[in-house]
Amino acid sequence: MENQESAQQHLADHVSTDSPGMERQRSLIAKKRVKDKNESLLMSISVNIAMVVVGSLAFGKCPVEPYIPFYLVAFGFVSFIAKCTTALREWGGQQYFKSTATESVLHVAELILLLLGGFWVYKEYPPSYDPNDGEKYCQKTVYQFAFIFTTIIYAFLFLVLATLILCLPCICFFSKQFRNKDDVEANFTSEEARSQREGVETI
């Protein structure tokens, strides 16, 4: 009995000793996540602002496809508003953004603009960067900005989609395994309960 009480006391002392360290570690991890998230948000907002600026300065300077500057400005503005809305909700503004309906609408608008932008950009590849070529001309900065940005986003989306498709069989397999395990445990529990009832009835 004394040995058991001593072991319990030792375990309690060990937990109480490690508890502040664990709390400190959790706090550091949480701070790092917030820092990384803020840095990612600032980087994304910087790209959105650059899109708006580059697109605004190029209006009328891309006759091969006048919608390319519009695409940059519209996508940059909508994406900027979407990120600010999300940031306000996550940083304590739940009383103003109690639902994600606004964010959902903005994300759908982003997707539509991205699809249209890809069509406008890729169908004119490669344009002429010589202003003397008239209708075939597009300012080099605005076209290359739109082309590189759109290609990076498309590549990222393709990578995510391919990963999901490749991982789908694994997800289905493990999901089936967990369901089978739950079924076995449920059957075992029901069998055990039935055995107990039968034992009580026998007594």
Practice item. Considering each residue of segment 161-172, count those that are of a type outside the set (S, T, N, Q) and surrounded by 10 or more Cβ atoms within 10 Å (Cβ to Cβ), and give that number. Key: 7
Review point. Assuming Lys123 fulfils every condition listed in (1) closer than 24 Å to Val47 by Cβ; (2) surrounded by 10 or more Cβ atoms within 10 Å (Cβ to Cβ); (3) at pLDDT 75 or above apart from one, which condition is it?
Key: (2)
Study note, to complete from the structure: Residues of segment 10-28 being under 26 Å from the mean Cα position of the chain (by Cα) and either within 30 Å of Glu135 (Cα to Cα) or modelled with pLDDT under 65 (or both), in sequence order, are Leu28
Point to revise | Criterion: at pLDDT 90 or above, out of contact with any Pro (no Cβ under 8 Å at 6 or more places or on another chain) and of a type in the set (Lys, Arg) - qualifying residue of Lys140, Lys181 | key: Lys140
Check your understanding: Taking Phe97, is it modelled with pLDDT of 90 or more and among the hydrophobic types (A, V, I, L, M, F, W, C)?
Key -> no
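The values are calculated or read from the model by the stated rules, or taken from the named source; none is laboratory data. Quantities reported herein were computed from a predicted structural model and do not represent experimental measurements. Cβ coordinates were reconstructed from backbone atoms using ideal geometry, including for glycine residues, and neighbour counts include every protein chain displayed.
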